[in-house]
Amino acid sequence: MNEMPTCIGCGAQIQTERPGELGYAPVSSLDKEEIICQRCFRLKNYNELQPVSLTDDDFLRILNGLGERKGLIVKIVDIFDFNGSWIPGLHRFVGNNDILLIANKADLLPKSVKQAKLINWMKQEAKKLGLKPIDVLTVSAHKGTGVVEAMEAIDEYRKGQDVYVVGSTNVGKSTFINRIIKQATGQSDIITTSHFPGTTLDLIEIPLDDEKSLFDTPGIINHHQLAHHLHSSELKMIMPKKELKPRVFQLNAEQTLFIGGLARFDFIHGDRSSFTVHVANDLQIHRTKLENADALYEQHLGEMLSPPTTQYKDDFPELVRHEFRVKEGKTDIVYSGLGWITVQHPNVVVAAYAPRGVEVFLRPSLI
Ligand code: GDP
């Protein structure tokens, strides 16, 4: 069998079977002398970056390649999925390079969230994961808020070197880079061909000045992301589109909340308290008695408790129980990729249920 050719833009091996993945090009393009993948084609002709995803092995290969280069690494994370959008092992590959952390989707945060607390929390989390970012910024790539400031910061911290943008899928990396392209270049033909002849780093290059460039790396699929357990139509329901409206519930002990069919929250022990739910406004929340909760989930998953929808509920992972004794008031129970519930009062025992693999953890309230 003949080896497939490589893309003249990014060097990825061309494949014609998996649209949306690296190196995809339609079969018709194989006749051409110089083959360009769909991702590079769109960037070249429409100045638009298309999200692509990669397998873990390919991604590690790219990260390894980055470790050998010098430059500023810009890591994009989703504020709502900080843990789900973390790249495992990133700290090992950063090497001596500086890393700038940019948290995206700030437009979704309720106004009550304190910016300083958010940034502080992200710094601490990054530290736990072995990284010490040179700075932490928040942006909304979607609305453009903070993007100019982020570009200025990138320009300062890169100290004349190249920039590598990394992120897992769905964090909004493409949206962010598309903003940068629009604001910074305005050029029609921004990728040039064969930057790395003989290599397959699969990077896309966007010039920053005459010598240095910003490189987009493909997004890694992080299997812990809630998003990967849902069908795209269901995903639309859980991805908040607008600023979250906090919903407050006064609960007695032994009451349960269901967030669609995606997650569950049991108030097990403590005085009557209020709990503030921060999830997409379109998601329905159902309150029931703890003693009825198991049966309710069994009988109504996919209908009253949805998403997941009836059609896809059999593929949805089982919910796993995580129990917490919350000693301090104003503590968030965070469901990665979904949102969080603020426990307002101290000394309660609660249990949070999330799909297997999706992280649940405590954090001091951001409000
Ligand atoms: P990528 O996989 O990281 O390249 O992510 P995309 O740029 O394709 O974005 C993933 C999803 O997040 C899309 O549905 C975007 O519309 C959405 N998105 C990206 N940036 C923002 C943002 O700043 N705010 C909000 N609310 N949604 C965003």
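Where a number appears in this text, it was derived from the coordinates with a stated rule and is not lab data. From a predicted model like this one, the values you see are computed outputs, not experimental measurements. Every residue, glycine as well, gets a Cβ built from its backbone with ideal geometry; the counts of neighbours run over all protein chains shown.
Express in nm, to one decimal, how much length is gained between Glu318 and Gln250 on full extension, taking 0.36 nm for each residue of separation and deducting their alpha carbon distance.
21.8 nm
If amide H atoms are built 1.01 Å from N in the plane of the peptide, which residues on other chains or at least 5 residues away come under 5 Å of the amide H of Ser365?
For Ser365, whose amide H was placed from the backbone, the distant partners under 5 Å are Thr331, Asp332.
Compute the acute angle (0 to 90°) between the alpha-carbon long axis of helix 290-300 and the principal axis of greatest extent of the alpha-carbon atoms of the chain; round to the nearest 10°.
50 degrees
Where in segment 299-340 does the label zone of Ile285 land, with the point 7 angstrom along Cα→C-beta and an amide N cut-off under 15 Å?
Output list for this probe position: 330-335, 338-340.
Could you derive backbone 3J(HN,Hα) for segment 117-133 from the dihedral phi with the Karplus parameters 6.51, -1.76 and 1.60 (θ = phi - 60°), listing whole Hz in sequence and x where the residue is Gly or Pro?
Along segment 117-133, the couplings run 5, 4, 5, 4, 4, 5, 4, 5, 5, 4, 4, 4, 8, x, 10, 10, x Hz.
With a 10 Å Cβ neighbour count serving as the proxy for reagent exposure, in which order, fewest first, do Thr16, Thr276, Thr342 appear?
Fewest-to-most ranking of Thr16, Thr276, Thr342: Thr16, Thr276, Thr342.
List the residues whose amide H sits under 5 Å from the amide H of Ile35, counting only those 5 or more places along or on another chain, with H placed 1.01 Å from N in the peptide plane.
Residues meeting the criterion, in which the H sits 1.01 Å from N, are Ile8.
What nm distance separates the two modelled labels at Glu17 and Asn292, each placed 7 Å from Cα along Cα→Cβ?
My value for the distance between the label points is 5.0 nm.
Could you name the lysines in cross-link range of Lys313, using Cα to Cα under 18 Å and dropping any fewer than eight places away on the same chain?
Within the straight-line limit of under 18 Å, Lys313 reaches these lysines: Lys236.
For the ranges 260-268, 348-356, what's the packing order if you count other beta-carbon atoms within 10 Å of each residue, average per peptide, and put the highest first?
260-268, 348-356
Can you list the HN-Hα couplings for segment 239-251, worked out from phi with the Karplus curve (6.51, -1.76, 1.60; θ = phi - 60°), rounded to whole Hz and with x for Gly and Pro?
Whole-Hz 3J(HN,Hα) from phi for segment 239-251: 7, x, 9, 10, 3, 5, 9, x, 10, 9, 10, 8, 10.
I need the peptides 24-32, 235-243 ranked by packing, meaning the mean over residues of other C-beta atoms within 10 angstrom, with the highest value on top.
235-243, 24-32
Express in whole angstrom the spacing between the alpha-carbon centres of segment 202-270 and segment 96-136.
Result: 16 Å between the Cα centres.
For the chain, what is the convex hull (Cα atoms) projected area averaged across all directions, in square nanometres?
19.2 nm²
Under 4.7 Å Cβ to Cβ, no partner at all: give me those cysteines from the chain, in residue order.
Cys10, Cys40
How far is it, in nm, from the label point at Ser233 to the one at His269 when both lie 7 Å from their Cα along the line to the Cβ?
4.4 nm
To make sure I understand the rule: partners must be lysines, Cα under 18 Å from the Cα of Lys117, and not fewer than 8 residues away in the same chain. Which ones qualify?
The qualifying lysines are Lys105, Lys127, Lys128, Lys132, Lys330.
Count the DSSP beta bridges whose two residues both fall in the chain, then state the antiparallel fraction as a percent rounded to the nearest 5.
Restricted to the chain, the bridges split so that about 65 percent are antiparallel.
Using Cα-Cα distances under 8 Å and only pairs 6 or more residues apart, what relative contact order does the chain have, in percent?
17 percent
Would you mind telling me the antiparallel percentage of the DSSP bridges in segment 240-364, rounded to 5?
Close to 100 percent.
To the nearest 20 debye, what is the magnitude of the charge dipole of segment 240-364 about its Cα centre, counting +1 on the Cβ of each Lys and Arg and -1 on the Cβ of each Asp and Glu?
Around 480 debye, computed over segment 240-364.
What are the residues whose amide H is under 5 Å from the amide H of Thr169, where those residues sit 5 or more places off or on another chain and H is modelled from the backbone?
Ile220, Ile221, Asn222
Based only on the alpha carbon positions, what is the Kirkwood hydrodynamic radius of segment 240-364, in angstrom?
Computed over Cα pairs of segment 240-364, the Kirkwood hydrodynamic radius comes out at 14.5 Å.
Tell me, what HN-Hα J-couplings in whole Hz come from the Karplus equation 6.51 cos²θ - 1.76 cosθ + 1.60 at θ = phi - 60° for each residue of segment 62-69, using x for Gly and Pro?
These are the phi-based 3J(HN,Hα) values: 5, 4, 4, x, 5, x, 8, 9 Hz.
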